[in-house]
Amino acid sequence: ARRRKDAGELLDRVRVVYEIPEHGYGGRYNKNPVTVQGRDNWLVRLDLVADEYFHTEPVKRALVRYPLKVVRWEGDPEQNPFGLALDCYSGTPQRLEAAPVASGPGGAQ
């Protein structure tokens with residue numbers, strides 16, 4: 001990354017990360033995204049989109065499911081009011097594929 005930055009490749013590039021619509025808690029595609037492992041730990045499957053732009057031109061899009069370990073964490077309640085922390089991945093992140101976009105009347109392609 002340092003070499004790319006020094007070469008100016010990253011100049012005017014912007015990355016945006018957000019949750020895939022309908023894949024969040026209670027969404028219809030990522031059923032049961034939270035698994036209770038114990039009283040103080042959980043497994044959370046987070047489906048995110050990472051979009052990269054050069055100025056306003058889209059360069060790259062990645063859809064990824066991140067399996068994360070979440071643990072109860074004692075600390076300053078002012079800094080961490082929920083008392084939780086990320087404890088690394090619980091497995092390897094998986095690339096997701098976007099569903100094909102339906103076109104035409106009735107969704108025919």
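For the range 35-87, filtering for residues that are within 30 Å of Leu11 (Cα to Cα) and among the hydrophobic types (A, V, I, L, M, F, W, C) leaves 9.
Of the residues that make up the range 70-79, is at least one among the basic types (Lys, Arg), touching a Leu at 6+ places or on another chain (Cβ under 6 Å), in a strand (DSSP E or B) and touching a residue at least 24 places away in the same chain (Cβ under 8 Å)? Within the range 70-79, none of the residues are among the basic types (Lys, Arg), touching a Leu at 6+ places or on another chain (Cβ under 6 Å), in a strand (DSSP E or B) and touching a residue at least 24 places away in the same chain (Cβ under 8 Å).
Conditions tested, residue by residue: (1) hydrophobic (A, V, I, L, M, F, W, C); (2) under 22 Å from Tyr25 (Cα atoms).
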| site | (1), (2) |
| --- | --- |
| Phe54 | yes, no |
| Lys60 | no, no |
| Val64 | yes, yes |
| Val70 | yes, yes |
| Asn80 | no, yes |
| Leu86 | yes, yes |
| Ser90 | no, yes |
| Pro93 | no, yes |
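Anything in the range 1-18 that is aliphatic (A, V, I, L, M) and either closer than 15 Å to Ala62 by Cα or touching a residue at least 12 places away in the same chain (Cβ under 8 Å) (or both)? List them, or say none. Result: Val14, Val16, Val17. Taking the criterion of being closer than 20 Å to Pro21 by Cβ and either surrounded by 12 or more Cβ atoms within 10 Å (Cβ to Cβ) or among the small types (Gly, Ala, Ser) (or both), the residues of the range 68-99 that qualify are Leu68, Pro93, Gln94, Leu96, Ala98, Ala99. The set of residues in the range 10-52 that are of a type in the set (Gly, Ala, Ser) and in contact with a Lys or Arg (Cβ under 9 Å, 6 or more places away or on another chain) contains only Ala50. Candidates are the residues of the range 3-20 that are among the hydrophobic types (A, V, I, L, M, F, W, C) and over 16 Å from the mean Cα position of the chain (by Cα); the one that is modelled with the highest pLDDT is Val14.
The values are calculated or read from the model by the stated rules, or taken from the named source; none is laboratory data. Quantities reported herein were computed from a predicted structural model and do not represent experimental measurements. Virtual Cβ from ideal backbone geometry, glycine too; neighbours counted across all protein chains shown.
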